[in-house]
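Inspection log for the structure reproduced underneath, given as structure tokens.
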Amino acid sequence: MSTYSVDPGAPDEPYLSFWRERHLCTLTTLRPDGSPHVVPVGVTYDAGARLARVITNKASAKAAHVLAAGPEGARVAVCQVDGRRWATLEGRAHVRGERERVAEAERRYAERYERVPSPNPSRVVIEIEVERALGRG
């Protein structure tokens, strides 16, 4: 096995396949004091759009950390692991509340995790503009 960096807009098929499998992931954001806040999440990855998505409640700490970064967005990372395989996506995140964006994130979540998320009128999506993709496979 080797560690590799891949083009986040054109990863190889094994990397994409790993992101389609059902895995719990982590999202790392930064608290106001600069310390990391790492939480389990479901993530979907749209390589063509260079976009990763995490659905969450608008009152969550993760959403607050992203919003606190301002209009430039927050530097974040999402990661998943399965045995010796792992994949990380890094980039700038923004909280989006537009209904069509949330619906698309919910659709992708349902496709990957094989379950429709429970209704939540306070749901938002954290969209991560992926700048770097790393992994080991």
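Some notes on this structure:
- Other-chain or far-sequence residues with amide H under 5 Å of Val130's (modelled H): Leu51, Ala52
- With at most 11 neighbouring Cβ atoms within 10 Å, loop GluC sites (Glu not before Pro) (DSSP) excluded, longest segment of the chain: 22-71
- Helical runs assigned H by DSSP (4 residues or longer) give the chain a calculated mean residue ellipticity at 222 nm of -6500 deg cm²/dmol, each run adding -39500 (n - 2.57) before division by the residue total.
- A full extension of the chain between Ala64 and Arg92 corresponds to an added length of 8.6 nm, given 0.36 nm per residue minus the alpha carbon distance.
- Spacing of the modelled spin labels on Leu16 and Tyr4, each 7 Å from Cα toward Cβ, amounts to 1.4 nm.
- Stretchable slack from Asp33 to Glu100, in nm (0.36 nm times residue separation minus alpha-carbon distance): 20.8 nm
- Magnitude of the charge dipole, the chain, Cβ model with Lys/Arg +1 and Asp/Glu -1, debye to 20: 360
- Cα centroid separation, segment 88-137 to segment 1-76: 8 Å.
- DSSP-loop trypsin sites (Lys or Arg not before Pro) across segment 1-92, with at most 13 other Cβ within 10 angstrom: Arg22, Arg84
Only the coordinates and a few stated rules stand behind these numbers; no lab work does. All values reported here derive from a predicted model rather than from experimental measurement. Counting neighbours? That spans all protein chains shown, and the Cβs are built from the backbone with ideal geometry, glycine included.
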